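Enquirer: My questions will all concern the structure given below.
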Amino acid sequence: IHYGYFCKKLGYYRRMTYSIAIIDDHSLILEGLRSLLKDLPDVTEILEAHNGTEMLALLKDKEFQACIVDLDLPDIDGFALIDAIKKEKPDTKIIVCTMHEEVWIVNRLKHPSISGVVFKSSASEHIQEAVQQVINDGTSYYCPHFKKLYKEKQANTANMINQPPTTRELDILKSIAKGMNTHEISEHLFISENTVEWHRKNLMLKFGARNATDLVIKALAKGFLSIPLE
């Protein structure tokens with residue numbers, strides 16, 4: 001008889017235990033997360049990494065069912081690390097614990113590879129709940145503040161459709177039309193790449209564009225660009 005069936009007939013189940021990996025370049029954050037997670041009854045091991053290199057080594061040498069990832073790391077982009085973890089261990093549950101609450105980050109965090117999001121400002125209240133829900137229930141977990149920001153973002157998105165571009169957005173629109181990439185636009189306009197991406201997304205929404213080519217065509221049709229480009 002199958003063990004699970006036998007246990008069910010007897011009215012009990014085997015407890016599921018799991019290991020968790022944490023990556024953050026701040027030792028105090030690691031210590032705080034470890035303190036919170038060690039109180040969970042089903043956690044058997046907590047692994048720690050201070051940077052992407054250490055995390056990639058853990059991927060090769062250790063088994064874990066969940067990984068708590070900071071986005072700000074000294075040697076690798078947090079989203080790139082998430083991709084690497086999911087490629088090596090597709091079943092690993094990813095929980096992002098970040099201080100970044102900018103709208104472009106909020107948008108990227110709503111991704112199938114990410115099972116949970118907890119802002120560092122509320123980690124002590126929600127990290128245990130997040131771990132238990134994504135592992136035991138198999139459902140996504142978003143802390144209340146993330147839900148609030150995401151709802152506001154959706155409302156703002158609906159209001160932006162068909163609005164005219166701002167002066168800064170026109171600058172970026174012209175740069176896109178000239179074939180410049182995000183890095184080139186950033187250097188040309190003396191703004192960060194995150195800011196360029198934020199304005200690019202706004203332009204896509206305002207023009208209802210599918211990609212950069214569609215954006216330029218629609219901007220030309222509506223008279224926001226002219227040829228030759230200035």
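The values are calculated or read from the model by the stated rules, or taken from the named source; none is laboratory data. Just so it is clear, the structure is predicted and the values come from calculations on it, not from any experiment. No Cβ is skipped: glycine too gets one built from the backbone with ideal geometry, and neighbour counts run over all protein chains shown. When the accessible area is computed, the model is the full protein with side chains, heavy atoms only, and any ligands, DNA or RNA have been set aside. Shrake-Rupley method; radii C 1.70, N 1.55, O 1.52, S 1.80 Å.
Enquirer: Taking all protein chains as present, what is the carbon and sulfur share of the accessible area of region 78-230, in % to the nearest whole number, probe 1.4 Å?
Expert: Values: 4280 of 8200 Å².
The nonpolar share, carbon plus sulfur, comes to 52 percent.
Enquirer: Taking 0.36 nm per residue of sequence separation and subtracting the Cα-Cα distance, how much length would be gained by fully extending the chain between Ser192 and Lys153, in nm to one decimal?
Expert: Working: separation 39, 0.36 × 39 = 14.04 nm, distance 2.07 nm.
Result for the pair: 12.0 nm of gain on full extension.
Enquirer: Another question, then. Excluding residues fewer than 8 places away in the same chain, name every one of the lysines whose C-alpha is closer than 25 Å to that of Lys60.
Expert: Lys38, Lys86, Lys87, Lys89, Lys93
Enquirer: Determine the shape class of region 60-106: with a ≥ b ≥ c the square roots of the Cα gyration tensor eigenvalues, call it rounded for a/c under 1.5, and otherwise prolate if a/b is greater than b/c, oblate otherwise. Kindly include the intermediate steps, with their values, before the conclusion.
Expert: Values: a/c = 2.20, a/b = 1.81, b/c = 1.22.
Prolate shape, in that a/c is at least 1.5 and a/b is the bigger ratio.
Enquirer: While we're here: For a label point 7 Å from the Cα of Ser122 along Cα→C-beta, name the residues of region 133-164 whose backbone N is under 12 Å from it.
Expert: Within reach of a label on Ser122, which here means backbone N under 12 Å from a point 7 Å along Cα→Cβ, region 133-164 contributes 142-151.
Enquirer: For region 85-230, compute the orientation-averaged projected area of the C-alpha convex hull (one quarter of its surface), in nm².
Expert: About 10.5 nm², averaged over all directions.
Enquirer: If you don't mind, there's one more thing I want to ask. Relative to the longest principal Cα axis of the chain, at what angle does helix 167-177 sit, 0 to 90 degrees, rounded to 10?
Expert: Between the helix axis and the principal axis of the chain, the angle is about 90 degrees.
Enquirer: Note down the accessible area of His183, probe 1.4 Å, to the nearest 10 Å².
Expert: 90
Enquirer: Ranked by accessible surface with a 1.4 Å probe, highest first, in what order do Ile191, Ile227, Ile85 come?
Expert: Ile227, Ile191, Ile85
Enquirer: Here's another thing I want to ask about it. For a quick protection proxy, order the peptides 150-156, 71-77 by their average other-Cβ count within 10 Å, most packed first.
Expert: Highest to lowest by the protection proxy: 71-77, 150-156.
Enquirer: Just to confirm my numbers, what's the Cα centroid distance between region 62-133 and region 187-221 in Å?
Expert: Taking the Cα centre of each part, region 62-133 and region 187-221 sit 27 Å apart.
Enquirer: What accessible area, in Å² to the nearest ten, does a 1.4 Å probe give for Arg34?
Expert: Accessible surface of Arg34 is approximately 90 Å².
Enquirer: Sort Leu220, Leu28, Leu189 from largest to smallest accessible area, using a 1.4 Å probe on the heavy atoms of the protein chains.
Expert: Numbers: Leu220 60, Leu28 140, Leu189 30 Å².
Putting Leu220, Leu28, Leu189 in descending order of accessible area: Leu28, Leu220, Leu189.
Enquirer: Could you do me a favour and compute the accessible area per residue for the chain, 1.4 Å probe, result in Å²?
Expert: Result: 56 Å² of accessible area for each residue.
Enquirer: Just to confirm the filter: which GluC sites (Glu not before Pro) across region 73-149 are DSSP coil and have at most 16 other Cβ within 10 angstrom of their Cβ?
Expert: Here the sparse-neighbourhood loop sites are Glu101, Glu102.
Enquirer: Further question: If Trp198, Trp104 are ordered by their accessible area, calculated over protein heavy atoms with a 1.4 Å probe, which sequence runs from highest to lowest?
Expert: Trp198, Trp104
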